[in-house]
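Asker: Structure incoming, see below.
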Amino acid sequence: MVMRKIVLFAFLAWLAIGAVYRGEILYVIDGDTIYGWVEGFGKTKVRFIGIDAPEIEPGKHALRQAERWHKKPQEIYSLGWKAKLYLRNFLPKYTRVKIKTDVELFDKYGRLLGYVWKGNTLINELMVKEGYAGVYTFPPNVKYVERFIKAQKEAKRNHRGIWSLFRKCY
């Protein structure tokens, strides 16, 4: 009986890899996390795979970002709010989206991990391309990493968003 459950769980997990779910935005939490209704999951937080936006509140992660980017925490929070507002304007309440999963469904905080699409636009990539987030991958969830790296190079080259702080420092 236990073996059947293990096999069933493994099969269901395999089916979920690369699955596409319909969703609807309820609100934007920050530049890389939304809260919404997702088919099969109900109301849940969705963490964008492969990107990291500046934090909007004090905490360990914000301090690590400030250290990594050689900036004051206040600069990180300011950029974080800009990222959140940009995403909120692009994904207002009740916007319909598609969420595509990768190998892992959830992060250690219980958030659904996804590539979020609005029409033909991959929002994860857009946030990087516009400089509101940087590439931040955790294998095995790397399906679009090459696209994200290309978008980040473009954002750096054009000094967009977080990259406007650096000018030739990177």
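The values are calculated or read from the model by the stated rules, or taken from the named source; none is laboratory data. All of these numbers come straight from a predicted model, not from anything done at the bench. Cβ placement follows ideal geometry from the backbone for every residue including glycine, while neighbour counts extend to all protein chains displayed.
Asker: Could you give me the residue pairs with C-beta distances under 7 Å whose first residue belongs to segment 151-170 and is surrounded by 14 or more Cβ atoms within 10 Å (Cβ to Cβ), whose second residue is modelled with pLDDT under 75 wherever it lies, and which are 6+ apart or on separate chains?
Answerer: Here the result reads K156/Y170; H159/R167, each pair linking segment 151-170 to a residue that is modelled with pLDDT under 75.
Asker: Restricting attention to segment 6-15, does a residue exist that is modelled with pLDDT of 60 or more and either over 11 Å from the mean Cα position of the chain (by Cα) or under 15 Å from F106 (Cα atoms) (or both)? Talk me through it step by step, then tell me what you get.
Answerer: Let us first name the residues in segment 6-15 that are modelled with pLDDT of 60 or more, namely none.
No: segment 6-15 contains no residue that is modelled with pLDDT of 60 or more and either over 11 Å from the mean Cα position of the chain (by Cα) or under 15 Å from F106 (Cα atoms) (or both).
Asker: Suppose the filter is surrounded by 14 or more Cβ atoms within 10 Å (Cβ to Cβ) and either touching a Leu at 6+ places or on another chain (Cβ under 9 Å) or of a type in the set (S, T, Y) (or both); does W37 pass it?
Answerer: yes
Asker: Can you confirm whether K98 is basic (K, R) and free of Cβ contacts under 8 Å to residues at least 24 places away in the same chain? I'd like the intermediate steps shown before the answer.
Answerer: Numbers: basic (K, R): yes; free of Cβ contacts under 8 Å to residues at least 24 places away in the same chain: no.
No.
Asker: Would you check which residues across segment 120-170 are assigned to a loop (DSSP other than H, G, I, E, B) and within 17 Å of the chain's Cα centre (by Cα) and list them?
Answerer: Here is the first cut: in segment 120-170, the residues assigned to a loop (DSSP other than H, G, I, E, B) are 120, 130-133, 136-137, 139-140, 142-144, 158-160, 166-170.
Matches in segment 120-170: N120, E130, G131, Y132, A133, Y136, T137, P139, P140, V142, K143, Y144.
Table: residues versus (1) polar (S, T, N, Q); (2) modelled with pLDDT of 95 or more; (3) in contact with a strand residue (DSSP E or B) (Cβ under 7 Å, 6 or more places away or on another chain).
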| residue | (1), (2), (3) |
| --- | --- |
| W117 | no, yes, yes |
| L122 | no, yes, yes |
| E125 | no, yes, no |
| K129 | no, yes, no |
| A133 | no, yes, yes |
| F138 | no, no, no |
| N141 | yes, yes, yes |
| F148 | no, yes, yes |
| Q152 | yes, yes, yes |
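Asker: Could you give me the residue pairs with C-beta distances under 8 Å whose first residue belongs to segment 27-54 and is more than 19 Å from Y77 (Cα to Cα), whose second residue is of a type in the set (D, E, K, R) and in a strand (DSSP E or B) wherever it lies, and which are 6+ apart or on separate chains?
Answerer: Y35/K43; Y35/K45; G36/E24; G36/K43; W37/E24; W37/K43; V38/R22; E39/R22
Asker: Inside segment 71-110, can you point out the residues that are charged (D, E, K, R) and within 20 Å of P58 (Cβ to Cβ)? So that I can check it myself, show each step before the final result.
Answerer: Initially, segment 71-110 is screened for residues charged (D, E, K, R), giving 71-72, 75, 82, 84, 88, 93, 96, 98, 100, 102, 104, 107-108.
Within segment 71-110, K71, K72, E75, K82, K84 meet the criteria.
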